[in-house]
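Accompanying notes for the structure given below.
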Amino acid sequence: MRRKIVAGNWKMNLSWEEAKTLLLGINRFANIHKRDCKVIICPPFVYLDRANDIFIGHASVGAQNISEYDNGAYTGEISGEILNSIGVHYTIVGHSERRQYFGETNEQVGRKVDKAIERNIKAIICCGETLEDRNAGRQKHVVKEQLTAALRNVNKEAMERQIIAYEPVWAVGTGQTASPAQAQEMHAFIRNEVLEPIFGAEVADNSSIIYGGSVKPGNAEDLFVQPDIDGALVGGASLSLEDFNSIIHAAQRL
Ligand code: PGA
């Protein structure tokens, strides 16, 4: 049985004071850990350790990125070993903003996934097409290429611990969400035509595929009722306690 997952991607936002207030609020939100919905918060790197202290037993923290390298002379990078050493067990990999603004390639994303798996860190592997790709009808091709590269060294057993996030670039941070039907079509494609040929039907069926791109309290439930949408990666709305809690509620109700 695959799990519902609601992950918050804070990106480069919030002072520590603001972050603490939000973390305490999420932590107070009772029962998260008792229900069948995993909550993961991905704050800026420097808050991970303190966030972990606040979160014990309720939700998990995740990084927003992981280095493709092992430790060493890589100024400004954070390795899987470093994350692991402070008890971080999740990381986002290949977010569209990393691909767009920092030039991350499919191959780099693949190496980052490898490093996460080596350190027992579950990767939230992002994929998604640009508006140009979609207008040209290339969305499935692009997503398949991204995921094939990201998963090239992942075996069946490791795949059971990874999370796929489908985030159409044109919907990220734009207020424009994919319609539930558009999202469902891509999620079904990922499950049946990307994951199943590589890992087999059982692993594909057990894989959590979450949607990201302007998820809000007003559209979360319509997305979550789709059979292949297993939760959300939430950007903007994860910065509001009220909005984020209501998205978690929507996932728990289903
Ligand atoms: P958004 O961001 O919800 O603000 O569109 C989603 C994401 O970037 O993961």
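The values are calculated or read from the model by the stated rules, or taken from the named source; none is laboratory data. Just so we're clear, the structure is a prediction, and the values are computed from it rather than from any experiment. Cβ atoms come from the backbone with ideal geometry, glycine included; neighbour counts cover every protein chain shown. SASA here: full protein model, heavy atoms, side chains in, ligands and nucleic acids out. Shrake-Rupley method; radii C 1.70, N 1.55, O 1.52, S 1.80 Å.
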What FRET efficiency would be calculated for the residue pair Met12, Asp205, taking the C-beta separation as r and a Förster radius of 30 Å, to the nearest 0.05? 0.25
Tally up the carbon and sulfur contribution to the accessible surface of the range 1-101 as a whole percent, 1.4 Å probe, everything protein left in place. 51 percent
How much length is gained on full extension from Phe102 to Arg2, taking 0.36 nm per residue of separation minus their Cα-Cα distance? 32.8 nm
What spacing in nm lies between the two simple spin-label points modelled at Asp222 and Leu131, each 7 Å away from Cα in the Cβ direction? 2.0 nm
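With n ≥ 4 as the cut-off for DSSP H runs, can you work out [θ] at 222 nm for the chain, using -39500 (n - 2.57) per run divided by the number of residues, rounded to the nearest 500?
Numbers: 13 runs with 109 residues, N = 254.
Helix contribution divided over all residues of the chain: -12000 deg cm²/dmol.
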Relative contact order, percent, the chain [alpha-carbon distance under 8 Å, six or more residues apart]: 21 percent
Could you give me the radius of gyration and the Dmax of the range 1-106, taking only the C-alpha atoms into account and expressing both in angstrom? 14.5, 43
Most mobile listed residue (Gly80, Gly25, Gly94) in the chain, GNM with C-alpha springs under 10 Å: Gly25
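What is the calculated FRET efficiency for His141 to Asp53, with r their C-beta to C-beta distance and R₀ = 41 Å, to the nearest 0.05?
Once rounded, the FRET efficiency stands at 0.40.
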The chain: Cα Rg divided by the 2.2 N^0.38 Å rule of thumb: 0.93
